[in-house]
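Asks: Have a look at the structure that comes next, please.
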Amino acid sequence: MAEAGFLVTLNHPGWSGMDSKEIQALDEGLFAMEVYNHTCEVHCCNGRTGLHYDQYLKAGRRAFCVATDDNHHPFTPGGINDMCGGFTMIKAESLTYEAVIQALQRGDFYASFGPEIHACYMEDDRLVVDCSPVHTALLKSTQYSQSQCTFSADKPFTHVEFSLEREKQSEPFIRLELQDARGQMAFTNPYYWE
């Protein structure tokens, strides 16, 4: 599919019951992996698949991450609503097919089912992030023990900075996860040093 020009995404690996061996066996053409699927979360409690994504990246594979609604049901008042829960926020030059596809191919987007990332950039060996109110910001790579975390149980924050000196020396990439008071999360794509 990738050779034919498609952007190939692995959808709902949790709902599909995939284990890490099955995911690692996928060809190199994977564009993205779904880290959150709202329908799977609402109906089956298995829409969060960040661990699958972590394992894929830790094995040296590369793919971006997306979040979706995957809505299958019409809205009914008082019923289970699986709409408007997961989204992928794309930073495109304009709202045209060409601009959106180019932004996707560059990885200029993030996945979320809650928090919004207003700015995320590197400056003077620091990662600077401005976001909607969150209680946890986690800078991750391949080694969980090397992760950096900012946490505030009492008061949410909207700005955080991480030093990148250690990561540049020891980790192949960094990525960010944010979590708000309701447990909803946002995920950046991995940023590789090259």
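Asks: Out of the residues in the stretch 34-78 that are in a loop (DSSP other than H, G, I, E, B) and closer than 16 Å to Phe113 by Cβ, which is modelled with the highest pLDDT?
Replies: So the residue we want is Thr49.
Asks: While we're on this one: Would you mind telling me which numbered condition in (1) farther than 20 Å from Asp108 by Cα; (2) at pLDDT below 90; (3) open to solvent by 70 Å² or more (accessible area, probe 1.4 Å) Glu194 fails?
Replies: Of everything listed in (1) farther than 20 Å from Asp108 by Cα; (2) at pLDDT below 90; (3) open to solvent by 70 Å² or more (accessible area, probe 1.4 Å), Glu194 misses just condition (1).
Asks: Of all residues in the stretch 142-170, which are touching a helix residue (DSSP H, G or I) at 6+ places or on another chain (Cβ under 8 Å) and touching a residue at least 40 places away in the same chain (Cβ under 8 Å)?
Replies: Within the stretch 142-170, Thr142 is the sole residue that qualifies.
Asks: Being touching a strand residue (DSSP E or B) at 6+ places or on another chain (Cβ under 6 Å) and open to solvent by 50 Å² or more (accessible area, probe 1.4 Å) is the filter here, so list the residues in the stretch 59-69 that pass it.
Replies: Listed by number, the list is empty, since nothing qualifies.
Asks: Quick check on my filter: what residues within the stretch 4-58 are of a type in the set (A, V, I, L, M, F, W, C), over 17 Å from Asn189 (Cα atoms) and open to solvent by 50 Å² or more (accessible area, probe 1.4 Å)?
Replies: Answer for the stretch 4-58, where residues must be of a type in the set (A, V, I, L, M, F, W, C), over 17 Å from Asn189 (Cα atoms) and open to solvent by 50 Å² or more (accessible area, probe 1.4 Å): Ala4, Phe6, Trp15, Ala25, Leu26, Cys44, Cys45.
Asks: Tell me the residue from Gln169, Gln143 that is closer than 20 Å to His52 by Cα and open to solvent by 60 Å² or more (accessible area, probe 1.4 Å), please.
Replies: Just one listed residue meets the conditions, Gln143.
Asks: Related question: Which of the residues spanning the stretch 87-122 are open to solvent by 50 Å² or more (accessible area, probe 1.4 Å) and touching an Asp or Glu at 6+ places or on another chain (Cβ under 6 Å)?
Replies: Within the stretch 87-122, Lys91, His118 qualify.
The values are calculated or read from the model by the stated rules, or taken from the named source; none is laboratory data. Owing to the predicted nature of the structure, the values given are computational and were not obtained by experimental measurement. All Cβ positions, glycine included, derive from the backbone under ideal geometry; neighbour counts span all protein chains shown. Heavy atoms of the whole protein, side chains included, go into the accessibility calculation; ligands, DNA and RNA do not. Shrake-Rupley method; radii C 1.70, N 1.55, O 1.52, S 1.80 Å.
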